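Below you'll find the structure, written out as structure tokens, and then a few comments.
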Amino acid sequence: MQVIENLKVKEKVYIEKLENGLKVMIIPKKGMQKKYMIWGTHYGSNESSFIVPGECDVTNVPNGVAHFLEHKLFEQENGTNSLDVLTALGVEANAYTTNDHTAYLFECTDNFYEAMDELMDYVQKPYFTDENVEKEKGIIGQEIMMYDDYPEWRVYLNAMQAMYHNNPVKIDIVGTIETISKIDKEILYKCYHTFYNPSNMTMVLCGDFEPQQILEEVKKRLIDTKASGEIKRIYPEEPEEIVQEKIEQKLEVSQPLYTIGIKDTNQCDVKKHIAMEILLNIIIGRSSNLYKELYNQGIIYSQPSLEYEFTNIYAHSLISGQSNEPEKVYQKFKEQVNKLKTEGINQEDFERMKKMIYGGYVKEYNDVADIARMFLADSFKGINSFDYLEEMKGITVEYLEQILKDVFQEEKMVISIIKN
């Protein structure tokens, strides 16, 4: 196994690429009672147009298939639901679908191998029938309607609609009532066999494991499957400009919600990601001048959430929160960005934020769930999570000011508002 060690957090990751193409990552945590297993496929809601390995024609599927598949995998041919089986074992089990990957996981202190048996069984043995697919449409349809009325989700999705013309990140991960109505068992099996091939998957195990021993346990439970060729993923072209600067929707909320979005190019790496986190905190983080001003004036009551999201086909920043005057927050945000561009970034602010962000990265290594999910998500981006700790020292004020100038352009900014 390949071993990568980071002395800063005194952690090692053992990486093995199996013959069938599956990447297994093991992070031993000696003495830790909790154990965590997550098995993911590099397949999310972005993939609705692709060429199956060995085929020539493009396959187009309805939006929402990745999420639909995630729901259906728990259902077994013998009538049981694997989520119920795992819960009965006393483990915390779940699954989720994002724009670029789907993952199945559990966390436990006891019954680890029994839970591993169940998870590896249901992920490798899909069971779809006309009847159970139709039944699921009703369940997911209710989920879609629930999210349609969920203000925190709508303010985010509307920001995506304002930023992106064609990029699939603007599409709701669950799809729509119309798109899921077109899903059948043949579509599910085709997407499963394309994207759930071991060569498109990564497994991460974190806990008190002996790497070679746990690797053998994984191998014992794998169905004999050959690695497939490369999946050709097809995405629409996306213009650099935004769709519209402002989007507003009326829903029942106690106080207006807002999301400020900044559209970026998809040329992102670890260094830029770190710089964006530092910049967002300098501009409107809890200890920033702008936050204190808005808070003291009663315009905002708590720190907005600050995120920088990226994959190989999109990148954007999101500032989200509640305010009685969301337009004022947006205006003040733009003014602060321009002020920093003109006056430069204060060295003390830079050093303080850099230490804070670094401390946040280190803290993630205290929790088996945080570690495993981080290594899985980064792996699908071609990143080793340790890179964030290593790249931190290369971030300078000059680099930050260059990113500020390149990314924080007013013509790339949008605001999404939900109010009564």
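The values are calculated or read from the model by the stated rules, or taken from the named source; none is laboratory data. Everything quoted here is computed from the prediction, not taken from an experiment. All Cβ positions, glycine included, derive from the backbone under ideal geometry; neighbour counts span all protein chains shown. In case anyone asks, the SASA skips ligands and DNA or RNA and just uses the protein heavy atoms, side chains included. Shrake-Rupley method; radii C 1.70, N 1.55, O 1.52, S 1.80 Å.
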To the nearest 10 degrees, the tilt of helix 270-284 (Cα long axis) against the first principal axis of the alpha carbons of the chain is 40 degrees
Debye-sum result for the chain in log10 I(q)/I(0), which assumes one identical scatterer on each alpha carbon, at q = 0.06, 0.15 Å⁻¹: -0.27, -1.50
With label points set 7 Å from each Cα along the Cα-to-Cβ direction at Lys381 and Glu252, the distance between them in nm comes to 3.8 nm
Heavy atoms of Met201: accessible area, 1.4 Å probe, square angstrom to 10: 10 Å²
How long is the gain from Lys10 to Ser181 if the chain were fully straight, where each residue apart is worth 0.36 nm and the alpha carbon distance is subtracted? 56.6 nm
Between Ile418, Cys108, Ile383, whose Cα lies farthest towards the positive end of the dipole of the chain when Lys and Arg beta carbons carry +1 and Asp and Glu beta carbons carry -1, centred on the Cα centre? Ile383
Output the relative contact order of the chain, whole-number percent, from Cα pairs under 8 angstrom with separation of 6+ residues. 22 percent
Quick one: if you stick a label point 7 Å off each Cα along the C-beta vector at Glu77 and Glu92, how many nm between them? 3.4 nm
Over the range 102-145, one equal point on each Cα, no solvent: what is log10 I(q)/I(0) by the Debye formula at q = 0.21, 0.34 Å⁻¹? -0.84, -1.09
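Which value, in debye to the nearest 20, gives the size of the charge dipole of the range 235-328 about its Cα centre, when Lys and Arg are +1 and Asp and Glu are -1 at the Cβ?
On the way: 8 positive and 15 negative charges, 93 e Å.
The dipole of the range 235-328 has a size of about 440 debye.
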In whole µm²/s, the translational diffusion coefficient that Stokes-Einstein assigns to the range 328-408, given a Kirkwood hydrodynamic radius over C-alpha pairs, 4 °C and 1.567 mPa s, equals 87 µm²/s
May I ask you to evaluate 6.51 cos²θ - 1.76 cosθ + 1.60, the Karplus curve with θ = phi - 60°, for each residue of the range 398-412 and list the ³J(HN,Hα) values in order in whole Hz, giving x for glycine and proline? 4, 5, 4, 5, 5, 5, 4, 5, 6, 9, 7, 9, 4, 6, 9
Which is farthest toward the positive dipole end of the range 320-377 among Val329, Gly359, Thr342, measuring Cα position about the Cα centre, with Cβ charges +1 (Lys, Arg) and -1 (Asp, Glu)? Thr342
Taking the Cα-to-Cβ direction at Gln347 and at Glu143 and moving 7 Å from each Cα, how far apart do the two end points lie in nm? 5.3 nm
Entries of Lys35/Lys219; Lys272/Lys419; Lys332/Lys412; Lys8/Lys405; Lys272/Lys412 with Cα pairs more than 25 Å apart: Lys272/Lys419; Lys8/Lys405
Residues with beta-carbon under 13 Å from that of Asn81, excluding Asn81: net charge, scoring Lys, Arg +1 and Asp, Glu -1? -4
√(5λ) per eigenvalue of the Cα gyration tensor, the range 204-291, largest first, Å: 42, 24, 18
Value of Rg/Rh across the range 1-126 [Cα atoms, Kirkwood radius]: 1.02
The FRET efficiency for Glu134 and Lys405, from their Cβ-Cβ distance with R0 = 60 Å and rounded to 0.05, is 0.65
Most positive-pole-ward Cα, Gln76, Gly138, Trp153, against dipole of the range 68-188 from beta carbon charges: Trp153
Pairs beyond 22 Å (Cα-Cα), from Lys17/Lys220; Lys328/Lys354; Lys170/Lys271; Lys17/Lys381; Lys246/Lys381; Lys10/Lys30: Lys328/Lys354; Lys170/Lys271; Lys246/Lys381
GluC sites (Glu not before Pro) within the range 61-117: DSSP coil, no more than 16 neighbouring Cβ in 10 Å: Glu77
Taking a probe of 1.4 Å and leaving out DNA, RNA and ligands, the chain shows per residue an accessible area in Å² of 45 Å²
With all protein chains in place and a 1.4 Å probe, His165 shows an accessible area in Å² (nearest 10) of 60 Å²
State the Kirkwood hydrodynamic radius of the range 278-365 in Å, one decimal place, computed from all pairs of distinct Cα atoms. 14.1 Å
Extension reserve of the Glu241-Asp110 stretch, reckoned as 0.36 nm per residue once the Cα distance is removed: 42.0 nm
Under unit Cβ charges (Lys, Arg +1; Asp, Glu -1), what dipole magnitude, rounded to 20 debye, does the chain have relative to its Cα centre? 960 debye
Show me the trypsin sites (Lys or Arg not before Pro) within the range 167-220 that DSSP assigns to loop and that have at most 16 other Cβ atoms within 10 Å of their Cβ. Lys182
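How large is the convex hull of the Cα atoms of the range 61-212 per residue, expressed in Å³ as a whole number?
Given the Cα convex hull of the range 61-212, per-residue volume reads 146 Å³.
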Cα pair distances in the range 294-343, grouped into 10 Å bins until the bin that holds the longest one, percent each: 22, 44, 29, 5, 0
